[in-house]
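After the C-alpha cells below, expect a handful of questions from me.
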Amino acid sequence: MMELPFVTVIIPCRNEANFISACLESVVANDYPRDRLEVLVMDGMSEDGTREIVEAFMKDCPFVRCIDNPKRTTPCGLNIGIKNARGELIIWMSAHNQYSPDYIRLSVEGLLTHDADNVGGVIVTVPRNPTRIGKGIANALAHPFGVGNSYFRTRPTGPRWVDTVFGGCYRKSVFDRIGLFNEQLTRGQDVELNIRLRKSGGRILLLPNIVSYYYARTEWRSFLKYNWSNGLWAILPFRYSKNIPVSWRHLTPLAFVLTTLVSAALASFYAAAAWLLASVLGTYFIVSLAASAQIAFKEKKLSFLFMMPLIFGGLHFSYGLGSLYGLIKVMSCMTAATPKES
C-alpha cells in the first residue's frame, strides 16, 4: 500500500478570535492521519486573544504550531507557512471558514489522481447572523449574477478546470517553479499566483465534493465596505505585477460603473448617452429581477424578490466604485512616475 503524502495545512490569520476556534476544530476533526499532517497557523501579531486560542489547541494537538507573522498581511503569512512546511503537499485554509471532515483527504486524493497542480473545492456561503438581509447577502455571493463565473462560489455539479480556486492543495514543488505569493498584494494574491501557475503550464481543478463553509458579513455597512475594498484590490495589483493580475470578471463591475457614470453625465447633452444609460440600467434591472426571482423561489419568500435587487446593486456598485478609485490611484502613480520633459 502506498504511503500517504505528508501534508502541511497553512492558515494565515490576524485578530480572528471569533472564527479561529471553529476553524481549527474542523481541521483537527478531519479524517486524514495525524501522523501525516501538520497545521501551521501564521499569526499576524493578533491583539484579540487569537494567539491564546491557537496555543490551547497546541496543548492537545502537537501537530498544530503557531508561527509569528510580523508583517501581518496574508501573503506574508502564506509565504512563512510555505517556507516552514515539512509536507510535500500544502493546503491553504482560511481562518474564516469551517471544513468538512473529508476536506484534506479529498484534496490530497484529487491532486494525486488528476493531472493538476492545484486542487480546490467549493464554498457554501452562510450568513454570520441568520437575519433576512444576512441570508440575502449569502445568496448574492453564491449566485452567478452576484459573482460571475467564480465557480467555487456557485458550486458546479461536477469537476471543472478553472482559473482559480479557494485556497487550494498544491505540491510544494509548484512554489519552487513559479515563486511564492506576491507580498505586495494585500488582496488578490491567490488570483495572481494562479495566473502565474497557468502561464507556466499548470492546471487548476475544482472538485465540488471538497466543501468548506464561509460565514459572510451580514451588516449592510460592513458588506459594502468589504466589497469596496475587494473592488479596490481588483485594480491595485496592476501596480505590483508584470502580468494581468486578475480575471476579466473582476473588471466587469468597473466597466458597469464607468458606463453608468459617463452616460449619466452626458445624458443631458446627447440623446445617444441617455439611450445608453437607459439600456444599461434597464438591462441590469431585468437580469437582477430574474436572479432575485430565482432566489425568492428557492427561499420560498416573496420578500427576497424586492430585497435582492438592492443587495445585488450594493454588491456591484460598491465593488465597481472601489475599482474606480483604484484606477484613479494607479493612473495617478503612473503620471507621477512619468519623467517630465525639460
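Throughout, read-outs are computed from the coordinates displayed, never taken from laboratory work. Owing to the predicted nature of the structure, the values given are computational and were not obtained by experimental measurement. No Cβ is skipped: glycine too gets one built from the backbone with ideal geometry, and neighbour counts run over all protein chains shown.
Rounded to the nearest 0.05, what FRET efficiency do ASP176 and VAL262 give with R0 = 35 Å and r taken as the Cβ-Cβ distance? Could you check?
0.15
For the chain, what does the helix formula give at 222 nm: sum of -39500 (n - 2.57) over DSSP H segments with n ≥ 4, over the residue count, nearest 500 deg cm²/dmol?
That comes out to -15500 deg cm²/dmol.
Determine the percent antiparallel among the DSSP beta bridges restricted to the chain, to the nearest 5.
Just about 30 percent of them are antiparallel.
Restricting to DSSP loop positions (anything but H, G, I, E, B) with no more than 15 other Cβ atoms inside 10 Å of their own Cβ, which GluC sites (Glu not before Pro) remain in the stretch 10-67?
Answer by residue number: GLU47.
Summing Lys, Arg as +1 and Asp, Glu as -1, what charge do residues with Cβ under 9 Å from the Cβ of ASN15 carry, ASN15 excluded?
Its environment carries a net charge of -2.
Answer rounded, prolate or oblate for the stretch 248-337, using the Cα gyration tensor with square roots of eigenvalues a ≥ b ≥ c: rounded when a/c is under 1.5, else prolate when a/b is larger than b/c, else oblate.
oblate
Which shape class, rounded, prolate or oblate, goes with the stretch 74-206 when its Cα gyration tensor gives a ≥ b ≥ c as root eigenvalues, a/c under 1.5 marks rounded, and past that a/b bigger than b/c marks prolate?
Taking the square roots of the gyration eigenvalues as a ≥ b ≥ c, the stretch 74-206 is prolate.
Between VAL280 and LYS199, how high is the FRET efficiency from 1/(1 + (r/R0)^6) when r is the Cβ-Cβ distance and R₀ = 35 Å? Nearest 0.05.
Once the sixth-power term is evaluated, E becomes 0.55.
Exactly which chymotrypsin sites (Phe, Trp or Tyr not before Pro) in the stretch 257-325 are in a DSSP loop and have at most 13 other Cβ atoms within 10 Å?
PHE269, TYR270
Taking the Cα centre of the chain as origin and charging only Cβ (+1 Lys, Arg; -1 Asp, Glu), how large is the dipole, in debye to the nearest 20?
That gives the chain a dipole magnitude of about 840 debye.
Say R0 is 35 Å: what FRET efficiency, to the nearest 0.05, do MET331 and ALA22 get from their beta-carbon distance?
So the FRET efficiency works out to roughly 0.25.
To test your reading of the geometry: what angle, between 0 and 90 degrees and rounded to tens, separates the Cα axis of helix 103-113 from the longest principal axis of the chain?
90
Output the 0 to 90 degree angle, nearest 10, between the alpha-carbon long axis of helix 303-337 and the longest principal axis computed from the alpha carbons of the chain.
90
Sticking with this one: What does the C-alpha gyration tensor say about the overall shape of the chain? Classify as rounded when a/c is under 1.5, otherwise prolate if a/b is larger than b/c, or oblate.
It is prolate, given that a/c is not under 1.5 and a/b is the larger ratio.
Given the Cα-Cα distance of ARG249 and LYS83 and 0.36 nm per residue of separation, how much length would full extension add, in nm?
That works out to 56.6 nm of additional length.
Could you derive backbone 3J(HN,Hα) for the stretch 187-192 from the dihedral phi with the Karplus parameters 6.51, -1.76 and 1.60 (θ = phi - 60°), listing whole Hz in sequence and x where the residue is Gly or Pro?
10, x, 5, 6, 4, 5
Of PRO237, THR131, MET308, which is farthest on the positive side of the dipole of the chain, counting Cα position, with +1 on Lys and Arg Cβ, -1 on Asp and Glu Cβ, and the Cα centre as origin?
In the chain, that residue is MET308.
Using each residue's phi in the stretch 47-53, evaluate 6.51 cos²θ - 1.76 cosθ + 1.60 at θ = phi - 60° and report the 3J(HN,Hα) Karplus result to the nearest Hz, with x for Gly and Pro.
Ordered by residue, 3J(HN,Hα) equals 10, 10, x, 4, 4, 5, 5 Hz.
Using the Karplus curve 6.51 cos²θ - 1.76 cosθ + 1.60 with θ = phi - 60°, work out ³J(HN,Hα) for each residue of the stretch 143-155 in order, rounded to whole Hz, and write x for Gly and Pro.
10, x, 5, x, 10, x, 8, 7, 5, 5, 8, 8, 6
If you line up the long axis of helix 271-299 against the longest principal axis of the chain, both from Cα atoms, how many degrees apart are they, to the nearest 10?
Long axis of 271-299 versus the principal axis of the chain: about 40 degrees.
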